[in-house]
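For reference, the structure discussed in these notes is given below.
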Amino acid sequence: QVQLVESGGGLVQPGGSLRLSCTASVLSLNVYDMGWYRQAPGKQRELVARISSGGTTNYADSVKGRFTISRDVAKTLVSLQMNNLKPADTAVYYCNAQSVITAINYWGKGTLVTVSS
């Protein structure tokens, strides 16, 4: 069973920055596509950013140029650097891992990001 633990959420003013981290209890990130999703109140969960097992990244249009996803394979750690945050970024952010072998999805419990003045 894969366990994902997120950290780094909190309250930040518009224009500020936060860095989210996700520690995965896996032997290697090289067999998992990793992603960050978010869910705002009353809305569906949506993809924010994704990094494939081979290191290819993709982003939602709403965060391109502001957010950066990265990974540390040795530490099995995936991070999301969020800059120039907007109130519309307020949501619970979830870490996701999908096995490239089984296609099984795993989810963390989420971390709340609130952007407000």
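The values are calculated or read from the model by the stated rules, or taken from the named source; none is laboratory data. Note that the structure is predicted; figures quoted are calculated from it, not measured. No Cβ is skipped: glycine too gets one built from the backbone with ideal geometry, and neighbour counts run over all protein chains shown. Accessible surface is based on the protein model in full, side chains and every heavy atom, while ligands, DNA and RNA are left aside. Shrake-Rupley method; radii C 1.70, N 1.55, O 1.52, S 1.80 Å.
When only alpha-carbon atoms are used, what values of Rg and Dmax, in angstrom, describe region 31-79?
11.6, 37
How much accessible area per residue does the chain have, counting only protein heavy atoms and a probe of 1.4 Å, in square angstrom?
Here the residues of the chain average 52 Å² of exposed surface.
State, to one decimal in nm, how far the label point of V2 lies from the label point of S99, with both points 7 Å from Cα in the Cβ direction.
0.9 nm
Work out the charge dipole of the chain with +1 on the Cβ of Lys and Arg and -1 on the Cβ of Asp and Glu about the Cα centre, then indicate which of G42, N58, V73 is farthest towards its positive end.
Most positive-ward Cα: G42.
One-quarter of the Cα convex hull surface for region 69-117, in nm²?
Average projection, Cα convex hull of region 69-117: 4.5 nm².
What residues qualify as long-range amide H neighbours of V63, i.e. H under 5 Å apart, gap of 5 or more or another chain, H built at 1.01 Å from N?
Placed amide hydrogens put nothing under 5 Å from V63.
Determine how many Å³ per residue the convex hull of the Cα atoms of region 1-53 encloses.
115 Å³
From the residues T23, V113, Q3, which one has its Cα farthest along the dipole of the chain in the positive direction, the dipole being from +1 and -1 charges on Cβ of Lys/Arg and Asp/Glu about the Cα centre?
Positive-most Cα among the choices belongs to V113.
Any chance you could list P(r) for the chain, counting all Cα-Cα pairs in 5 angstrom bins from zero, rounded to whole %?
Calculated P(r), rounded to whole percents: 2, 13, 24, 26, 19, 10, 5, 1, 0.
For R66 and L11, calculate 0.36 nm times their separation in residues minus their Cα-Cα distance, and state this gained length in nm to one decimal.
Extending this stretch completely gives an extra 18.1 nm.
Give, in nm to one decimal, the length gained when the segment between A74 and E46 is fully stretched (0.36 nm per residue of separation minus the Cα-Cα distance).
7.3 nm
Between T56 and N83, what length in nm is gained on full extension when 0.36 nm per residue of separation is reduced by their alpha carbon distance?
Difference between extended and current length: 7.7 nm.
Given a 1.4 Å probe and every protein chain left where it sits, what share in percent of the accessible area of region 5-117 is carbon and sulfur?
Using a 1.4 Å probe with all protein chains present, region 5-117 comes out at 51 percent carbon and sulfur.
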